[in-house]
Amino acid sequence: MFIVGLSHKITPIEIREKFYLNPLEQDLLLSELKNNPLVSEAFVLSTCNRIEVYLKRADQSVNSTFVINLIARIKKINLDFDVTPYIYSYEDQQALDHLLRVSCGLESLVLGEKQILGQVKHSVERAREAGSLSRHFNILTNLAIRTGKKAQHETAISHGGSSISWAAIEMAEKSAGNLQDKSVLVIGAGKMGEIALGHLHDLGVKKIYLMNRTGEKAESLATQYNGVAASFWNIKEILSEVDICFCAVGAPHYILDREKIANIMEIRQGRKLVLIDISMPRNIDPEVKNVPGVQLSAIDDLKEVVDNSMKKRESALQEVESIIRQKVLEFNDKISKLQNNPDSDFFQESSTVN
């Protein structure tokens, strides 16, 4: 077993977004790996905070350089910089331990984050549909998901808010004060956008606008959370009105650039505008932060907010690490049984993720 990855811990967002793999790119990578005779199993995890490739390899030539070059080819990245400082890799037991820690949220920007478990599950399902999972990884991935569920249900590791969207709202409160008398725009009705809407609704925010590429989904979610669905055609008018904007879309380009925001700030006549971009890749031009009156934050800026809210969860770390040690033993025992009886079909019990 071999893992190659980049994550928020050692890789800045401007590098992560270069390597971020959208669903189509993940499928292309899985196809390349499946057709490589030196790779017997694989799955890919690509989120706003990490890009990781999990492999069962037959040869040491399938190494970090091999994987990074493959991603660069799919992404058309010009590797004219040294990517080595931003990459990590693990083998065998270290790789197993890392996957279980990721599934439990111990490696997340927000300790105990719940979303990562769903993202792992989705990655596994994508790999299974691509035909790139077999006996060992069926057992492995099912075990990882059960470990994450056990950590969430039996410890306080996910106590309180536990998502990037939650951290973004904490950042907004730090920047703008109590949100009840504020008006907010959420751009994007995906998972992070919907979680943000739920938090804002629970906080009793005065007015919530929602914009999304698909108007029907925006209308449905806006109704659910007492918000107002708005068209992208009206973004200038709405940004001239609101106090805060959360951006959580997946566009391949900036949807808000410096010129557009500078024009909006002229209309606002000096009123502060808080922009929080939790997209991957980023969808608000970083140069926007230089526009007077604008406070722009991205995912990596949330760390300070998160660090101040983690004390209760940190007390659950030892419990979760104990669960992980138990599950490592369980996995090794299952693999040992499989090797001693290769024709057994017990692994089929582990091939379906619940």
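The values are calculated or read from the model by the stated rules, or taken from the named source; none is laboratory data. Just so we're clear, the structure is a prediction, and the values are computed from it rather than from any experiment. As a convention, Cβ positions derive from the backbone with ideal geometry for all residues, glycine included, and neighbour counts pool all protein chains shown. We work out accessible area using only protein heavy atoms, side chains counted, and drop any ligands, DNA or RNA first. Shrake-Rupley method; radii C 1.70, N 1.55, O 1.52, S 1.80 Å.
Asn35 to Gln269: FRET efficiency via 1/(1 + (r/R0)^6), r the Cβ-Cβ distance, R0 56 Å, to the nearest 0.05?
Computed FRET efficiency for Asn35 and Gln269: 0.40.
Non-local amide H neighbours of Gly112 (under 5 Å, H modeled in plane, Pro and chain starts lacking H): which ones?
The list, which skips near neighbours in sequence, is Leu106.
Using a Gaussian network model of the chain with C-alpha springs under 10 Å, which one of Asp243, Asp80, Asp59 is most mobile by mean-square fluctuation?
Asp80
Sort Phe232, Phe331, Phe246, Phe81 by accessible area with a 1.4 Å probe, largest first.
Output order, biggest surface exposure first: Phe232, Phe81, Phe331, Phe246.
Under a 1.4 angstrom probe, counting protein chains only, how are His153, His98, His199 ranked by accessible area, largest first?
Details: His153 145, His98 10, His199 60 Å².
If we order His153, His98, His199 from most to least accessible, we get His153, His199, His98.
Can you compute the modelled spin-label distance between Arg213 and Gln318, with each label point 7 Å from Cα toward Cβ, in nm?
With each label placed 7 Å out from Cα toward Cβ, I get 4.8 nm.
Quick one: helix 215-224 against the long Cα principal axis of the chain, what's the angle to the nearest 10°, folded into 0 to 90?
80 degrees
Considering only the chain, what is the antiparallel percent among its DSSP beta bridges, to the nearest 5?
Given both bridge residues lie in the chain, the antiparallel proportion sits at roughly 45 percent.
How large is ³J(HN,Hα), in whole Hz, for each residue of region 176-186 in order, when computed from phi with the Karplus curve 6.51 cos²θ - 1.76 cosθ + 1.60 and θ = phi - 60°, using x for Gly and Pro?
10, x, 3, 8, 4, 9, 9, 10, 9, 10, 10
With θ set to phi - 60° and the Karplus curve 6.51 cos²θ - 1.76 cosθ + 1.60, what are the ³J(HN,Hα) couplings of region 83-94 in order, to the nearest whole Hz, using x for Gly and Pro?
Rounded to whole hertz, the list is 8, 3, x, 9, 10, 10, 8, 9, 10, 6, 4, 5.
Give the carbon-plus-sulfur fraction of the accessible surface of the chain in %, rounded to a whole number; probe 1.4 Å, heavy atoms of protein chains only.
Working: 7570 of 16160 Å².
Exposed carbon and sulfur together represent 47 percent of the surface.
Ile208's amide H: which non-local residues (gap 5+, or another chain) put their own amide H closer than 5 Å, with H modeled 1.01 Å from N in plane and none for Pro or chain starts?
Val184, Val228
Label-point separation (nm) for His122 and Asn226, each offset 7 Å from Cα along Cα-to-Cβ?
It is 2.9 nm.
For Tyr90, Tyr54, Tyr225, write out the residues from largest to smallest accessible area, computed with a 1.4 angstrom probe and no ligands counted.
Per-residue accessible area, sorted high to low, gives Tyr90, Tyr225, Tyr54.
Normalising by the residue count of region 178-318, find the relative contact order in percent from Cα pairs under 8 Å and 6+ residues apart.
Relative contact order, region 178-318: 21 percent.
Which pairs break 20 Å Cα to Cα here: Lys18/Lys174; Lys174/Lys272; Lys18/Lys76; Lys182/Lys272; Lys114/Lys217?
Lys18/Lys174; Lys114/Lys217
So what's the gap between the Cα centers of region 77-140 and region 211-271, to the nearest angstrom?
33 Å
Taking the alpha-carbon set of region 56-158, what are its Rg and Dmax in Å?
For region 56-158, the Cα-based Rg and Dmax read 15.6, 47 Å.
Karplus couplings for region 203-212 from phi (6.51 cos²θ - 1.76 cosθ + 1.60, θ = phi - 60°), rounded to Hz, Gly and Pro as x?
Whole-Hz 3J(HN,Hα) from phi for region 203-212: 7, x, 4, 4, 8, 10, 9, 10, 10, 8.
Please list log₁₀ I(q)/I(0) at q = 0.06, 0.11 Å⁻¹ for the chain, using the Debye equation with identical point scatterers on the alpha-carbon positions.
With one equal scatterer per Cα and no solvent, log10 I(q)/I(0) is -0.24, -0.79.
Given R₀ = 22 Å, what would the calculated FRET efficiency be for Glu330 paired with Asp59, taking r from the Cβ atoms and rounding to 0.05?
Efficiency at R0 = 22 Å is approximately 0.20.
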